[in-house]
Amino acid sequence: MTFSWKKTMIVALDTVVAVYLLLAVTAFNKPDESRSVCSQVKINISEDVVEGFLDADEIKRILKNKGVYPLGKPMDDIRVRRIEDVLENSPFVDRARCHKTTGGHVCISVTQRMPLIRVKADSGDDYYLDSRGGIMPNTRYTTDLIVATGHIGRKYASKVLAPLAAYIVKDKFWRNQVVQINVLEDGTVEIVPRVGDHIVYLGQPAGVAGKLLRLEKFYRYGLNRAGWNKYSYISLEFDNQIICKKQLPRQKTATVSEQ
């Protein structure tokens, strides 16, 4: 078999032409990022069982204040890493991700720090605890959260109060029933329910799941029959016991009219 230089050259030339045409078509169809501008910003914020502090308008405000809101800017000038850094510096943002598309869009995904409980301590401290026990600053935004009061230091809040609040919030029944947690000087805990004219004493915040399960059964099979306002104080401090203090009878008042 004889080697044909002519045939080889023709094949090589065809290959070069095909590659050139492919690159030319790709370059022609690819938009020039240096000339295109951002025509749309898509913002996605993660949701959870409780309402967070962030919405799309707040994300825009944060980015505009730092001069990095991308709408209308040349795509080539938009730095996605800078946008992520600005958002992650917010005390309400856990993680931010940003990317550009060839259609002139900038997509931003934000995972927010979720507030679990608001702390209003006797010391004057006023802040939020997130789902990881982190401290979140007080804000002008309001949300329907359980309020914790009493003798609460920040270490106690992060290590003890946050797990208790997390358990309550994840349970649909208790999330709707508990409106306040009060911490006493010795670190023991009381809770104030939404329904019923009584205070529940948990004692030390350990074994909370078992204590609240006992209380839920007592609610369903005890107070539903005896009446929700029969007791003023219900203690769950000791295992396998529920100690109740009855409401004191209200004193009758007499009205004296002047002659």
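The values are calculated or read from the model by the stated rules, or taken from the named source; none is laboratory data. Here the structure is a predicted model, which means the values were calculated and not measured. As a convention, Cβ positions derive from the backbone with ideal geometry for all residues, glycine included, and neighbour counts pool all protein chains shown. When the accessible area is computed, the model is the full protein with side chains, heavy atoms only, and any ligands, DNA or RNA have been set aside. Shrake-Rupley method; radii C 1.70, N 1.55, O 1.52, S 1.80 Å.
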Odd one out for R154 among (1) under 18 Å from the mean Cα position of the chain (by Cα); (2) open to solvent by 50 Å² or more (accessible area, probe 1.4 Å):
(1)
Anything in the stretch 188-228 that is part of a helix (DSSP H, G or I) and of a type in the set (G, A, S)? List them, or say none.
A209, G210, G222, A226
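Here is a yes/no grid of residues against (1) β-branched (V, I, T); (2) without any contact (Cβ under 8 Å) to a residue 24 or more places away in the chain; (3) under 30 Å from K64 (Cα atoms):
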site: L87; (1), (2), (3): no, no, yes
site: T101; (1), (2), (3): yes, yes, yes
site: S109; (1), (2), (3): no, no, yes
site: M114; (1), (2), (3): no, no, yes
site: S131; (1), (2), (3): no, no, yes
site: N138; (1), (2), (3): no, yes, yes
Where L145 falls short, out of the listed (1) in contact (Cβ under 8 Å) with a residue 40 or more places away in the chain; (2) out of contact with any Lys or Arg (no Cβ under 6 Å at 6 or more places or on another chain); (3) within 24 Å of N176 (Cα to Cα):
(2)
Is it true that some residue in the stretch 229-237 is more than 30 Å from N89 (Cβ to Cβ), among the basic types (K, R) and in a helix (DSSP H, G or I)?
no
Which of the residues belonging to the stretch 92-119 are hydrophobic (A, V, I, L, M, F, W, C) and either in contact with a Pro (Cβ under 8 Å, 6 or more places away or on another chain) or open to solvent by 50 Å² or more (accessible area, probe 1.4 Å) (or both)?
V106
Could you say which residue among R194, R225, R214, R220 is over 34 Å from the mean Cα position of the chain (by Cα), among the basic types (K, R) and open to solvent by 20 Å² or more (accessible area, probe 1.4 Å)?
R225
May I ask you to verify whether T188 is over 21 Å from L145 (Cβ atoms), out of contact with any Ser or Thr (no Cβ under 9 Å at 6 or more places or on another chain) and modelled with pLDDT of 95 or more?
yes
I need the full set of residues from the stretch 127-152 which are at pLDDT 95 or above, of a type outside the set (V, I, T) and out of contact with any helix residue (DSSP H, G or I) (no Cβ under 9 Å at 6 or more places or on another chain), in order please.
G150, H151
Determine which member of the set V169, V147 is open to solvent by 30 Å² or more (accessible area, probe 1.4 Å) and either closer than 19 Å to R113 by Cα or not in a strand (DSSP E or B) (or both).
V147
Being at pLDDT 90 or above, under 15 Å from I168 (Cβ atoms) and out of contact with any Gly (no Cβ under 6 Å at 6 or more places or on another chain), is that true of even one residue in the stretch 218-229?
no
